[in-house]
Amino acid sequence: MQRMETQLSEPDEVIISQYSKGSEAIYLISKGVCSVIVSEESHYKGSLQSTPKKKKGQEESKREEKLLRPGYLFGEISIVYNCATTATVKAYKYCNLGKLTKEKYKDIITMQPKIAE
């Protein structure tokens, strides 16, 4: 049974948004480059599950953390720990991504519980 789907992403396409309730998949970069962007407030709050409150008119300070190249994966933190996403990930260039959905990940863990240990 094939577990991973293929997803093609265009430059500047948001794949995962920071503070969303959780990623729906774990992504593996096959081709292309993705950028990881983390808002400064996430470091201040120190909690993966809380979303900082912005004051009216306040801009969220963002910085690019790093570029992810083929072989890197992302989205795993929110799937494994069942928490909010910790960063925004955007396609920097055209990308081919392998996508393991949350449901398929749970199926694997059910069949192979030692993986979760």
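A few notes on this one:
- Residues located in the range 88-117, provided they are out of contact with any helix residue (DSSP H, G or I) (no Cβ under 9 Å at 6 or more places or on another chain), more than 19 Å from Cys34 (Cβ to Cβ) and surrounded by 16 or more Cβ atoms within 10 Å (Cβ to Cβ): Lys104
- Checklist (1) surrounded by 18 or more Cβ atoms within 10 Å (Cβ to Cβ); (2) in contact (Cβ under 8 Å) with a residue 60 or more places away in the chain; (3) touching a Leu at 6+ places or on another chain (Cβ under 8 Å) applied to Thr85, failing item: (3)
We did not get these values from a lab; they are worked out from the coordinates using the rules stated. For clarity, every value in this text was computed on a predicted model and none was experimentally measured. As a convention, Cβ positions derive from the backbone with ideal geometry for all residues, glycine included, and neighbour counts pool all protein chains shown.
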